[in-house]
1. Tally time: how many residues in the stretch 1-21 are surrounded by 13 or more Cβ atoms within 10 Å (Cβ to Cβ), of a type outside the set (S, T, Y) and at pLDDT 65 or above?
2. Take the residues in the stretch 101-131 that are exposed (fewer than 10 other Cβ atoms within 10 Å of the Cβ) and small (G, A, S), then tell me which one is nearest to the chain's Cα centre (by Cα).
3. I'm trying to understand the selection: among the residues of the stretch 38-81, which are polar (S, T, N, Q) and either over 14 Å from the mean Cα position of the chain (by Cα) or exposed (fewer than 15 other Cβ atoms within 10 Å of the Cβ) (or both)?
Amino acid sequence: MARTTLLGSPLLLGFEHFERTLERIAKASADGFPPYNVEQIADSQLRLTLAVAGFALAELEITVEDGQLVIRGRQEEDPGRIFLHRGIAGRQFQRRFVLADGLEVKGATLAAGLLHIELSRPPAEAKVRKVRIADGSTSGADVLSIRQGSGGQGFGNRKGG
């Protein structure tokens with residue numbers, strides 16, 4: 001039985017990584033802790049703010065792994081504390097955000113129980129590349145020599161073009 005995919009159209013060749021990304025986003029959105037805001041603070045800058053009240057700086061960690069921003073928090077329990085009522089959970093968390101291509105983490109600050117993470121996107125550069133069209137009347141040996149003569153970059157690719 002063939003697996004039905006969201007991006008299963010034959011016109012969407014090579015977009016399997018988008019489908020995996022969508023699956024990761026669906027999993028990450030199911031967890032609601034800690035709550036967060038996403039703000040656009042300039043045309044190419046974003047600020048991600050997480051409510052991490054009760055976490056010290058040493059108990060938080062931010063990493064970028066495989067195109068994802070990962071924020072982890074882990075509070076150590078103090079065995080000497082005796083609670084008569086415990087309404088504030090001291091728990092660990094892991095929150096993941098899938099980063100768009102080119103989005104960079106510039107820095108982070110912790111103030112008043114809020115973790116602010118600054119993100120920026122450098123201006124996109126237009127990428128245009130010409131693809132050479134081979135004469136259909138050339139023999140297979142000629143095509144092979146053209147491929148080998150292109151610097152190992154594949155048929156029709158030329159350096160600088």
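1. 3
2. A124
3. Across the stretch 38-81, the qualifying residues are Q40, S44, Q45, T49, T63, Q75.
The values are calculated or read from the model by the stated rules, or taken from the named source; none is laboratory data. Since the structure is predicted, the reported quantities are computational estimates derived from the model, not experimental observations. Every residue, glycine as well, gets a Cβ built from its backbone with ideal geometry; the counts of neighbours run over all protein chains shown.
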